[in-house]
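**Student:** One structure, as structure tokens, below. Some questions next.
The values are calculated or read from the model by the stated rules, or taken from the named source; none is laboratory data. Please read all numbers here as calculations on a predicted model, not as lab measurements. Here the Cβ is made from the backbone with ideal geometry for all residues, glycine too, and neighbour counts use every protein chain on show. All accessible areas refer to the heavy atoms of the entire protein, side chains included, with ligands and DNA or RNA removed. Shrake-Rupley method; radii C 1.70, N 1.55, O 1.52, S 1.80 Å.
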Amino acid sequence: MFSVPLKECHSTNSQEFSDALSEWLDRDNDSQISNTPPISLSLKTVKNLRTLSIPSNPSPTCLKYKSDLHKYHACLLSLESTGFPTTSSSTGGTYKLSLKWGCAFEKGNKSARSDVRYERICVLFNAASAESYTAAMEERDTESGLKRACHSFQLSAGMFSTILTLTSGNGLPGTTSDLSPSGLALCRDLMLAQAQSCVYEKAVGSRKGNKEQNKGVKPSVLSKIAKAAAEFYEQALKMCKSSTLSRKLDPTWSHNLQSQSLSFNAAANYWESVNVKIAAMEKGAGYGEEIARLEQAENFAEQAVMFGAKSNIDTTSTSNLLSIVKERKEEAENDNRTIYLEPVPNGNALTQIKGATLVKPLPLPSTLTTLPPSTPPLFPGLLPKLARGSLSRYNTTIAENINEAKERIAKADKNQGRA
């Protein structure tokens, strides 16, 4: 299983970050509001959370690192709702904040912006990356391990999908390739492909130890599950070969994705051949299609092993499948040659296998959106500038209405006194 590399933060001075937020607060509120105790405490909390989330040597598999990323993301979300600038153009020329982050795909490539949302997007990217590491490191030889891996891959996909939404599907102009639409779609689809492959592994595991053909997940279903995994890998490969990424990613990315796509296409055709043989044994016809499916499976598996060798990935499972396919094909061809005498259809004439997608991007967990109860509320009583303006206009309108009412009452009293 593959994981997405972390982004590296090159603006590690959290005190400068806190000072820049203080400057913006004072300017936006036309007062030295940053010196008041509740605001000063909030700025200190932000600084501490940021420091914890950008260690010098982050370990993506460390639970504390993941927890710190989640807390800081929730903190930044709170800053956005409070009114801190969410676009670089809204900060003004005197706002001294430069948030520089490196590209997860290209070492040495960096991009700097001066808004809180960019920082949140980069932090969320690393949270998704850390989740992908967690999933890839799970022991998948147990059902519980497969479930945890599948869940983590879907969580990671949901985080990458959220970033795509935050950037309105157009990416962030002038930023690194990992935050481009192609880069984010690649990460999302890779996570979904691996979540789907966990579903496939679990489904195949249900048949182990069951010699009867009707035990465990049916071959027809296994074929569809494998096909959906292949389609996710194909989508990721398409993004990998896009004009944005093709010259920036290491060639092993495309070789890995190509190998996985071919491997699952091989599995899909193998299980469809088993399904076809079961039907043929019931109907007394269809043995030729079984051979055609096995030929397809053999072709896909051989290519998968070839591409896997180019990137030095473990192709043991695909090689084992290839051995099974070759053995089954030899038996099927011998039976057809001596008993059934059926024509073998061309591979292009076979019905397309329809994938059955059983995974999806999951919503952000509450740990990413809500600070823990132990963290004091950030910037209590602080309203966004727009909200303050609306409140001021409302108060002015109320005051004017009250004055007008007082004048009308006074005039009415005066007229009544004359009468």
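Quick grid of which residues meet (1) without any contact (Cβ under 8 Å) to a residue 40 or more places away in the chain; (2) over 26 Å from F379 (Cβ atoms):
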site: K44; (1), (2): yes, no
site: S53; (1), (2): no, no
site: K66; (1), (2): no, no
site: E106; (1), (2): no, yes
site: D115; (1), (2): yes, no
site: L124; (1), (2): no, no
site: S129; (1), (2): no, yes
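**Student:** Still on this structure: Report the residue count in the range 100-128 for those that are surrounded by fewer than 22 Cβ atoms within 10 Å (Cβ to Cβ), touching a Lys or Arg at 6+ places or on another chain (Cβ under 6 Å) and under 17 Å from T12 (Cβ atoms).
**Tutor:** Number of matching residues: 4.
**Student:** So V359 ticks every box in (1) surrounded by 19 or more Cβ atoms within 10 Å (Cβ to Cβ); (2) touching a residue at least 40 places away in the same chain (Cβ under 8 Å); (3) assigned to a helix (DSSP H, G or I) but one. Which box is left unticked?
**Tutor:** The number of the failed condition is (3).
**Student:** Still on this structure, please answer the following. In the list T86, T61, T94, which residue meets the criterion of being of a type in the set (V, I, T), closer than 23 Å to S177 by Cα and modelled with pLDDT under 85?
**Tutor:** Numbers: T61 fails: closer than 23 Å to S177 by Cα; T94 fails: closer than 23 Å to S177 by Cα.
After ruling out the rest, the residue left standing is T86.
**Student:** Of K238, K224, which residue is free of Cβ contacts under 8 Å to residues at least 12 places away in the same chain, among the basic types (K, R) and part of a helix (DSSP H, G or I)? Write out each step before concluding.
**Tutor:** On the way: K224 fails: free of Cβ contacts under 8 Å to residues at least 12 places away in the same chain.
None of the other options fit; the residue is K238.
**Student:** Let me ask something else. Specify which of the listed residues (R148, R140) is surrounded by fewer than 24 Cβ atoms within 10 Å (Cβ to Cβ) and either under 17 Å from the mean Cα position of the chain (by Cα) or without any contact (Cβ under 8 Å) to a residue 12 or more places away in the chain (or both).
**Tutor:** Numbers: R140 fails: either under 17 Å from the mean Cα position of the chain (by Cα) or without any contact (Cβ under 8 Å) to a residue 12 or more places away in the chain (or both).
Of the residues listed, the single one that is surrounded by fewer than 24 Cβ atoms within 10 Å (Cβ to Cβ) and either under 17 Å from the mean Cα position of the chain (by Cα) or without any contact (Cβ under 8 Å) to a residue 12 or more places away in the chain (or both) is R148.
**Student:** Continuing with this model, one more query. Return the only residue of S42, S18 being under 15 Å from V116 (Cα atoms) and under 34 Å from the mean Cα position of the chain (by Cα). Spell out how you get there, then give the answer.
**Tutor:** Working: S42 fails: under 15 Å from V116 (Cα atoms).
Every option except S18 fails the conditions.
**Student:** Just one of P343, P373, P377 is within 26 Å of L294 (Cα to Cα) and open to solvent by 40 Å² or more (accessible area, probe 1.4 Å); which is it? Lay out the reasoning, then the answer.
**Tutor:** Working: P373 fails: within 26 Å of L294 (Cα to Cα); P377 fails: within 26 Å of L294 (Cα to Cα).
On inspection, the qualifying residue turns out to be P343.
**Student:** Is it the case that A309 is open to solvent by 40 Å² or more (accessible area, probe 1.4 Å) and part of a loop (DSSP other than H, G, I, E, B)? So that I can check it myself, show each step before the final result.
**Tutor:** Details: open to solvent by 40 Å² or more (accessible area, probe 1.4 Å): yes; part of a loop (DSSP other than H, G, I, E, B): no.
Criteria not met by A309.
**Student:** If E16 passes every condition in (1) touching a helix residue (DSSP H, G or I) at 6+ places or on another chain (Cβ under 7 Å); (2) modelled with pLDDT of 85 or more but one, which one does it miss?
**Tutor:** For E16, the failing item is (1).
**Student:** For the range 322-334, how many residues meet the condition of being surrounded by 16 or more Cβ atoms within 10 Å (Cβ to Cβ) and either closer than 17 Å to N275 by Cβ or not hydrophobic (A, V, I, L, M, F, W, C) (or both)? Step through it out loud before you land on a result.
**Tutor:** Of the range 322-334, the ones surrounded by 16 or more Cβ atoms within 10 Å (Cβ to Cβ) are 322, 325, 328-329, 332-333.
Next, from what is left, pick out any that are either closer than 17 Å to N275 by Cβ or not hydrophobic (A, V, I, L, M, F, W, C) (or both): 325, 328-329, 332-333.
Here the count works out to 5.
**Student:** Going through G347, G355 one at a time, which residue ends up being small (G, A, S), modelled with pLDDT of 95 or more and in contact with an Asp or Glu (Cβ under 7 Å, 6 or more places away or on another chain)?
**Tutor:** Details: G347 fails: modelled with pLDDT of 95 or more.
When all the criteria are applied, what remains is G355.
**Student:** Within the range 154-181, can you find the residues that are part of a helix (DSSP H, G or I), open to solvent by 20 Å² or more (accessible area, probe 1.4 Å) and modelled with pLDDT under 95?
**Tutor:** L164, T165, L166, P181, listed by residue number.
**Student:** For the range 71-81, state whether one or more residues are modelled with pLDDT of 90 or more and more than 19 Å from I121 (Cα to Cα).
**Tutor:** No, the range 71-81 has no match at all.
**Student:** Could you run through the range 312-349 and say how many residues are part of a loop (DSSP other than H, G, I, E, B), more than 21 Å from L190 (Cα to Cα) and out of contact with any helix residue (DSSP H, G or I) (no Cβ under 6 Å at 6 or more places or on another chain)?
**Tutor:** As a first pass, look at the range 312-349 and keep what is part of a loop (DSSP other than H, G, I, E, B): 312-315, 341-346.
Now restrict to residues that are more than 21 Å from L190 (Cα to Cα): 341-346.
Still in the running and out of contact with any helix residue (DSSP H, G or I) (no Cβ under 6 Å at 6 or more places or on another chain): 341, 346.
Of the residues in the range 312-349, 2 are part of a loop (DSSP other than H, G, I, E, B), more than 21 Å from L190 (Cα to Cα) and out of contact with any helix residue (DSSP H, G or I) (no Cβ under 6 Å at 6 or more places or on another chain).
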